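Reviewing the structure listed below.
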Ligand code: TRP
């Protein structure tokens with residue numbers, strides 16, 4: 001398997017990733033603690049959609065002792081948003097609501113411009129705007145959410161990033177990100193930009209504020225560097241909570257925009273989505289007769305996985321699907337139709353909210369001047 005911020009492929013072994021990246025399991029007692037503090041147990045924790053962390057215990061202890069944390073997540077705007085992307089956002093919204101937390105949401109238009117030969121600066125900026133609509137449509141709190149466009153907000157971003165970059169050597173960056181001599185120097189600097197939002201709130205407040213990052217596990221290399229340099233700049237190390245990937249509707253892998261027939265975009269029409277669902281890979285048998293007799297296998301079914309990750313939050317609902325599939329009572333065609341209905345309903349609602357977001361997108365953007373002022377003041381101190 002390959003898992004880097006720019007490539008995820010092969011059969012993903014999440015246990016191995018925990019070992020390889022040196023992160024920690026989210027234990028039962030940690031889940032209980034979050035649930036106790038949040039007043040609710042989220043299905044993403046119960047189902048191990050979020051399965052690994054760094055310093056989550058620390059940040060919860062801080063919270064218990066009166067230090068609220070800020071949330072930070074993001075997206076690389078390389079194309080339209082698809083359903084796999086919003087898995088961590090749904091959980092981030094839960095955390096924002098339950099912990100009354102501010103959220104910095106970074107759109108890394110610079111990263112996508114630098115890494116992708118076919119993305120122009122103009123296209124990256126345009127995608128940032130389009131993706132921001134999806135972020136807003138997920139329902140983040142307008143008064144507590146700050147969307148960052150690295151390109152638009154370059155002033156404060158750059159002024160924080162150079163402080164970070166000064167402490168990261170070329171050999172560290174090479175070892176962590178696998179850069180080679182042919183990697184352009186823009187992308188080699190970029191990790192400092194992705195580390196930057198971890199510290200914005202501390203700079204604004206003038207004192208340290210803990211930061212929790214919900215993100216898919218492929219982003220972990222950035223956080224290793226961020227955690228490494230934080231104390232050198234006098235900040236707390238940011239904590240992380242890592243999610244699994246939502247694979248495409250085909251067989252295995254991460255949901256990838258490069259295979260559009262296997263992923264549902266948030267801007268797909270209900271007809272397009274239904275067609276993709278009807279072609280999805282499932283754990284069915286060769287014939288209906290055989291399936292009625294022997295049952296299907298939900299463990300390898302892409303539709304079942306989507307139910308678990310997003311569309312069936314109720315445990316009892318999942319149990320029924322699982323049992324009916326295994327017993328041969330629920331056939332794949334029938335399940336796909338039911339599932340498509342849920343997805344269609346979701347898309348209609350999302351797209352409605354997405355259109356409404358056009359009117360408020362400005363109010364979600366980071367106040368760049370204000371942050372720059374604080375950064376420069378902090379600079380002098
Ligand atoms: N590099 C990420 C991507 O390509 C985008 C990103 C920036 C991000 N900051 C983040 C993702 C923080 C998760 C958390 O998708």
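Computed from the coordinates by the stated procedures, all read-outs in this text should not be read as laboratory data. Note that the coordinates shown come from a computational prediction; the quantities given were computed from them, not determined experimentally. Every residue, glycine among them, receives a Cβ derived from its backbone with ideal geometry; neighbour counts consider all protein chains shown.
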> Using the alpha-carbon centroid of each, what span in Å lies between the range 99-116 and the range 193-213?
Replying inline: 14 Å
>> Taking the 0 to 90 degree range and rounding to the nearest ten, how far is the long axis of helix 28-38 tilted relative to the main principal axis of the chain, both from C-alpha atoms?
In response: 70 degrees
> Averaged over all directions, how much area does the convex hull of the C-alpha atoms of the range 99-165 cover when projected, in nm²?
Replying inline: 5.6 nm²
>> What whole-number distance in Å separates the alpha-carbon centres of the range 320-347 and the range 1-20?
In response: 29 Å
> So how do 42, 167 line up by other beta-carbon neighbours within 10 Å, fewest first?
Replying inline: 167, 42
> When the Kirkwood radius is taken over all Cα pairs of the chain, what Stokes-Einstein diffusion coefficient follows at 4 °C and 1.567 mPa s, in µm²/s?
Replying inline: 60 µm²/s
>> Within a 10 angstrom radius of the beta carbon, how do 143, 46 rank from fewest other beta carbons to most?
In response: 143, 46
>> Checking the a/c ratio against 1.5 first, then a/b against b/c, what shape does the Cα gyration tensor give for the range 67-209?
In response: oblate
>> Bins of 10 Å, beginning at zero and ending with the bin holding the largest distance: percent of Cα pairs per bin for the range 175-298, please.
In response: 11, 25, 24, 20, 13, 6, 1
>> Within a 10 angstrom radius of the beta carbon, how do 12, 83, 316 rank from fewest other beta carbons to most?
In response: 316, 12, 83
> Give or take rounding to whole Å, what are the principal axis extents of the alpha carbon atoms in the range 16-112, in descending order?
Replying inline: 39, 33, 22
>> Taking the 0 to 90 degree range and rounding to the nearest ten, how far is the long axis of helix 315-327 tilted relative to the main principal axis of the chain, both from C-alpha atoms?
In response: 40 degrees
> Using 7 Å Cα-to-Cβ label points, what is the residue 279/residue 174 separation (nm, one decimal)?
Replying inline: 4.4 nm
> Between the range 21-72 and the range 156-175, what is the C-alpha centre distance in whole Å?
Replying inline: 29 Å
>> On C-alpha positions alone, give me the angle between the axis of helix 154-165 and the longest principal axis of the chain, in degrees, nearest 10.
In response: 80 degrees
